[in-house]
Amino acid sequence: MTLLPARRAQERIVRWQANIFKAKALLSLFAGSSLKAGVKPMKKTKILLLIFLGIIALPVLLIATPNSLGERIGERIKEEARAQGYLEYTPLQAKKLAETRCTQCHEVDRIAKYCSRCGPPFIVVITHMKRLMKQFMEREPGKKITGLTKPQELAVVQAWNAMVGNWEADFRREDMEAMIGKENTHLLALLDTPIGQREIERGLKEAGIRLKGAYVEEMKH
């Protein structure tokens, strides 16, 4: 079961509290055993203090320190939330995602040269891309290839539509539905969504963000 970021953060805090409680118990046990072993009280106190401060400081550093490990962990949590659809991708985040994931197997120039004369729109191409990525991962298990979740597919399609071109209006609806496949209901829902209501695609288009060297067609409504 996938948890929301807030729920995850709450569980993380509970685990830290539990660890602190266990640490206190261990410290008490250590204190008793140290006396029996003949450890000097001052040395024993310093050891216990260092251990306890380390346990307390770790969650504080993770939460409160700017540009720290905690900040990076927080960003990873938010990225996972976006990947699973709990948070929305901004247009710029979708652009970065598309440029990162879709260049794992080929150069970005290949995407820039793609146009309506080359093949179907990106909403169809993404299904072919998924199959190629799966085949590549099976063929080259030693190479790290990161796939796409459904929310990420929607973000990537909209990003390329805006930066390269959207020629969905040039293809027969029945042909696109057949190529997309009934199982990809999220893509079919995007196909039903007017371009003006696609937040990522509209946002990049309005900002004038294009892929360098790309042939960009006019937005079709």
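Determine if the stretch 185-198 includes at least one residue that is modelled with pLDDT of 95 or more, out of contact with any Pro (no Cβ under 7 Å at 6 or more places or on another chain) and closer than 25 Å to G213 by Cα.
yes
Look at the stretch 100-124 and say how many of its residues are in contact (Cβ under 8 Å) with a residue 12 or more places away in the chain and within 14 Å of Q152 (Cα to Cα).
Qualifying residue count for the region: 4.
With a cut-off of at least 3 residues that are closer than 18 Å to V108 by Cβ, name the helices (runs of 4 or more DSSP H) lying wholly within the stretch 119-193. Walk me through it before giving the result.
Working: elements: 122-139, 150-163, 173-180, 185-192.
Fully inside the stretch 119-193 and qualifying: 122-139, 150-163.
Look through the stretch 95-118, keep the residues that are of a type in the set (S, T, Y) and outside any helix (DSSP H, G or I), and return whichever of them is surrounded by the fewest Cβ atoms within 10 Å (Cβ to Cβ).
Taking the stretch 95-118 first, the residues of a type in the set (S, T, Y) are 100, 103, 114, 116.
Narrowing the set further to residues that are outside any helix (DSSP H, G or I) leaves 103, 114, 116.
Details: T103: 13, Y114: 18, S116: 16.
Of everything passing the filter in the stretch 95-118, T103 is surrounded by the fewest Cβ atoms within 10 Å (Cβ to Cβ).
Here's a check for you: in the stretch 148-174, which residue that is over 19 Å from T90 (Cα atoms) and free of Cβ contacts under 8 Å to residues at least 40 places away in the same chain is surrounded by the most Cβ atoms within 10 Å (Cβ to Cβ)?
R173
The values are calculated or read from the model by the stated rules, or taken from the named source; none is laboratory data. It should be emphasised that the depicted structure is a prediction, and the values quoted were computed from it without experimental measurement. Because the Cβ atoms are built from the backbone with ideal geometry, glycine has one as well, and the counts that use them run over all protein chains shown.
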